[in-house]
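Values quoted throughout were computed directly from the atomic coordinates according to the rules given, and no laboratory measurement underlies them. Quick caveat: nothing in here was measured; it's all calculated off a predicted structure. Because the Cβ atoms are built from the backbone with ideal geometry, glycine has one as well, and the counts that use them run over all protein chains shown.
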Amino acid sequence: MNRCITCRMRVNANRAHITISYKGERYLVCCPLCQAEFERHPEKYIQLSEVKKTRH
Ligand SMILES: [Zn+2]
């Protein structure tokens with residue numbers, strides 16, 4: 001299961017808006033708005049997703 005890196009919404013990998021490559025990792029993004037938001041604060045959203053991973 002994949003999630004949009006910005007809004008954490010479930011995204012089918014085939015239907016995602018785009019996949020962003022950042023520092024060697026690839027992140028799914030659901031829409032242009034989330035893409036713009038991720039590009040403004042990439043570190044913030046990556047950090048949030050890492051925290052959720054380790055806590056689960
Ligand atoms: Zn999104």
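Computed quantities for the displayed model
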{"read-out": "Long-range amide H partners of H17 with built H, under 5 Å", "value": "V29, C30, C31"}
{"read-out": "Distance between modelled label sites at V51 and Y22, nm, 7 Å Cα→Cβ extension", "value": "1.5 nm"}
{"read-out": "Sequence-distant residues sharing a close amide H with R3 (under 5 Å, placed H)", "value": "V11"}
{"read-out": "Leading residue at positive end of dipole, the chain (Cβ point charges), from T19, N2, P42", "value": "N2"}
